[in-house]
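This report concerns only the one structure given below.
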Amino acid sequence: IKSCSGPARTHDVLANTKPIQVGPRVAHTEQFHCKGGVDARRLLDLSRKGLYSIAREMGGNVLLEEEWNCSIRHPRLQKRDEFKVTIHYAATVARSAWPDAQRPIEMKAAKGIKGLMTVLDRHADIC
């Protein structure tokens, strides 16, 4: 199951504002091993929070031009209720007088699998 945010865009709350300083574009890829179901929106939120903490370390306080993609598949052993989820989240780091939206863009586009999700494992790569 694949889903994505579409082209990079900035949250509406920041779209008509001018940032004080624009930094580099950063990307964050995370892999989750889930059991029982996949709440893609929750996993997207976790990935964005990871990217936002990187942006804070770089001196930014907002994320601009955000985009993400998510893929859900069964692990190689084909356990029926276990899933491997890969989320790639990218954004431009910036400083702004306006606060960050603190949520992923286009969350309604995220496709998951119904059920009670348990995250068994989580790995992150910063690009």
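The values are calculated or read from the model by the stated rules, or taken from the named source; none is laboratory data. Owing to the predicted nature of the structure, the values given are computational and were not obtained by experimental measurement. Note that we place each Cβ from the backbone using ideal geometry, even for glycine, and neighbour counts take in every protein chain shown. All accessible areas refer to the heavy atoms of the entire protein, side chains included, with ligands and DNA or RNA removed. Shrake-Rupley method; radii C 1.70, N 1.55, O 1.52, S 1.80 Å.
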- Using the heavy atoms of the protein chains and a 1.4 angstrom probe, tell me the accessible area per residue for the stretch 1-80 in square angstrom. 57 Å²
- Task: Provide the per-residue ³J(HN,Hα) series for the stretch 80-95, in order, calculated from phi with Karplus coefficients 6.51, -1.76, 1.60 and θ = phi - 60°, each as a whole number of Hz, with x at glycine and proline positions.
- Result: 4, 9, 10, 9, 10, 10, 10, 10, 10, 10, 10, 6, 9, 7, 8, 10
- Ordered by packing density, taken as the mean number of other Cβ atoms within 10 Å over each peptide's residues, highest first, how do 55-66, 93-104, 15-26 rank? 55-66, 93-104, 15-26
- Item | Paramagnetic label zone (point 7 Å from Cα along Cα-to-C-beta, ARG122; backbone N under 15 Å) in the stretch 41-62 | 41-54
- Principal-axis tilt of helix 40-57 within the chain, Cα atoms, nearest 10 degrees: 40 degrees
- Quote the Stokes-Einstein diffusion coefficient, in whole µm² s⁻¹, for the chain, based on the Kirkwood radius over alpha carbon pairs, a temperature of 4 °C and a viscosity of 1.567 mPa s. 86 µm²/s
- Item | Net charge dipole size for the chain [Lys, Arg +1 and Asp, Glu -1 on Cβ; Debye, nearest 20] | 400 debye
- Please report, as a whole percent, how much of the solvent-accessible surface of the chain comes from carbon and sulfur atoms (probe radius 1.4 Å). 52 percent
- Rounded to 0.05, the calculated FRET efficiency for the beta carbons of THR17 and ASP45 at R₀ = 22 Å is 0.45
- Item | Length gained when the stretch ALA97-GLN31 is fully extended (0.36 nm per residue, less Cα-Cα span) | 20.5 nm
- Message: Net charge around ALA27, counting only other residues with Cβ within less than 10 Å of its Cβ (Lys, Arg = +1; Asp, Glu = -1)?
- Response: -1
- Task: With θ set to phi - 60°, apply the Karplus curve 6.51 cos²θ - 1.76 cosθ + 1.60 along the stretch 24-39 and write out the HN-Hα couplings as whole Hz, x wherever there is a Gly or Pro.
- Result: x, 8, 10, 10, 9, 10, 10, 10, 10, 10, 10, 10, x, x, 9, 9
- Over 18 Å between C-alpha atoms is what I'm after, so list which of LYS18/LYS108; LYS18/LYS49; LYS2/LYS49; LYS2/LYS111; LYS79/LYS111 land there. LYS18/LYS108; LYS18/LYS49; LYS2/LYS49; LYS79/LYS111
- Query: Dipole size in debye (nearest 20) for the stretch 1-41 around its Cα centre, Lys and Arg Cβ +1, Asp and Glu Cβ -1?
  - Reply: 80 debye
- Among PRO75, LEU64, VAL22, which residue has its Cα positioned farthest towards the positive end of the charge dipole of the chain, with +1 placed on the Cβ of Lys and Arg, -1 on the Cβ of Asp and Glu, and the dipole taken about the Cα centre? PRO75
- For GLY112, enumerate residues with amide H under 5 Å from its amide H, sequence gap 5+ or separate chain, H modeled in the peptide plane. ALA40
